[in-house]
1. (1) open to solvent by less than 10 Å² (accessible area, probe 1.4 Å); (2) of a type in the set (A, V, I, L, M); (3) over 14 Å from LEU119 (Cα atoms): which one isn't true of ILE103, the others all being true?
2. Collect the residues in the stretch 35-65 that are part of a strand (DSSP E or B) and more than 20 Å from ILE103 (Cβ to Cβ), keeping them in residue-number order.
3. Looking at PHE84, PHE78, can you tell me which residue is touching a Phe, Trp or Tyr at 6+ places or on another chain (Cβ under 9 Å) and over 24 Å from TYR188 (Cα atoms)?
4. Among (1) over 19 Å from the mean Cα position of the chain (by Cα); (2) modelled with pLDDT of 95 or more, where does ASP211 come up short?
5. Among GLU157, GLU140, GLU167, which is the only one that is open to solvent by 10 Å² or more (accessible area, probe 1.4 Å), at pLDDT below 95 and in contact with an Asp or Glu (Cβ under 8 Å, 6 or more places away or on another chain)?
6. Within the stretch 123-137, how many residues turn out to be open to solvent by less than 40 Å² (accessible area, probe 1.4 Å) and either touching a Gly at 6+ places or on another chain (Cβ under 7 Å) or not hydroxyl-bearing (Ser, Thr, Tyr) (or both)?
7. Between ASN53, ASN57, ASN76, which is of a type outside the set (Val, Ile, Thr), open to solvent by 30 Å² or more (accessible area, probe 1.4 Å) and without any contact (Cβ under 8 Å) to a residue 60 or more places away in the chain?
Amino acid sequence: MTLTIINLETLEVEQTIPLGAQGEALEFIEEENGKLYIQKSSYNLGKKIAVFNPTTNEVENTIETYYIDDNHPGLNSFEIEDGFIYTLSGNHLEKFNINTLTIESNVVLNYQEGDASKLEIEDDQIYFTVGTSVYTLGMEDTEKPEEPILTYNSDSEYGVMYGFEVEDNRIFVADGGDFASDSFVEVYDLEGNLLKNISVGLGPNGFYFND
């Protein structure tokens, strides 16, 4: 897979840079202190985050997260907060020092309901999902939370927790439904109390906010 550099004034492609091996997908990108952190994993297949310098257009380093093999869930999301990179790989929440890229902690998240996904950090709290549930823990916690702060009802076969976001003291959940008819979004407070259920179109999968 490649990283494409586009001139924002001309909207023309200036350069394409190969970053992944054959079959290695790129997904999320975060910018921090002039560096790009690029997730080299998609659909839970992969374990690496490339540290890319846009000044030199080169990969300076690579972070390797917890990974067993392609039969087990790999890296699915990451967040950068207060000098640390937090990565979520199925059942492992790892914390890396952004300066040294060394691992500082690893919280094992084993739940009977399934694997953890959709990592979000908001106001010094870590949020993640397991099936139709949302869990939270503190930035310095070393043990997994035992009880979810909320669990919602879904009949969807493939669209459970299709979209997830935490913003402005609200938790936003989107369910994919049957992908053939209108589905719904639910909004909760941080204690897990349902504030609103909203009917929306087909397959809602994300939330975007005007800051």
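1. Only one criterion is unmet by ILE103, namely (1).
2. Looking only at the stretch 35-65, we keep the residues that are part of a strand (DSSP E or B), and these are 35-42, 45-53, 58-64.
Hits for the stretch 35-65 are LEU36, SER42, LEU45, PHE52, ASN53, GLU58.
3. Working: PHE78 fails: over 24 Å from TYR188 (Cα atoms).
Only one candidate qualifies: PHE84.
4. (2)
5. Numbers: GLU140 fails: in contact with an Asp or Glu (Cβ under 8 Å, 6 or more places away or on another chain); GLU167 fails: at pLDDT below 95.
Being open to solvent by 10 Å² or more (accessible area, probe 1.4 Å), at pLDDT below 95 and in contact with an Asp or Glu (Cβ under 8 Å, 6 or more places away or on another chain) holds for just one of GLU157, GLU140, GLU167, which is GLU157.
6. Filtering the stretch 123-137 down to residues open to solvent by less than 40 Å² (accessible area, probe 1.4 Å) leaves 126-137.
Of the ones still in play, those that are also either touching a Gly at 6+ places or on another chain (Cβ under 7 Å) or not hydroxyl-bearing (Ser, Thr, Tyr) (or both) are 126, 128, 130-131, 134, 137.
So the count comes out to 6.
7. On the way: ASN53 fails: open to solvent by 30 Å² or more (accessible area, probe 1.4 Å); ASN76 fails: open to solvent by 30 Å² or more (accessible area, probe 1.4 Å).
Result of the check over ASN53, ASN57, ASN76: ASN57.
For every residue, the table says whether it meets (1) at pLDDT below 95; (2) part of a loop (DSSP other than H, G, I, E, B); (3) of a type outside the set (Val, Ile, Thr); (4) more than 17 Å from the chain's Cα centre (by Cα).
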site	(1), (2), (3), (4)
TYR67	yes, yes, yes, no
PRO73	yes, yes, yes, no
LEU88	no, no, yes, no
LEU93	no, no, yes, no
PHE96	no, no, yes, no
LEU101	no, yes, yes, yes
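The values are calculated or read from the model by the stated rules, or taken from the named source; none is laboratory data. Since this is a predicted model, take the numbers as computed values, not measurements. Backbone-built Cβ (ideal geometry, glycine too); neighbour counts: all protein chains shown. Each accessible area value is taken on the protein alone, full model and side chains, heavy atoms only, with ligands, DNA and RNA left out. Shrake-Rupley method; radii C 1.70, N 1.55, O 1.52, S 1.80 Å.
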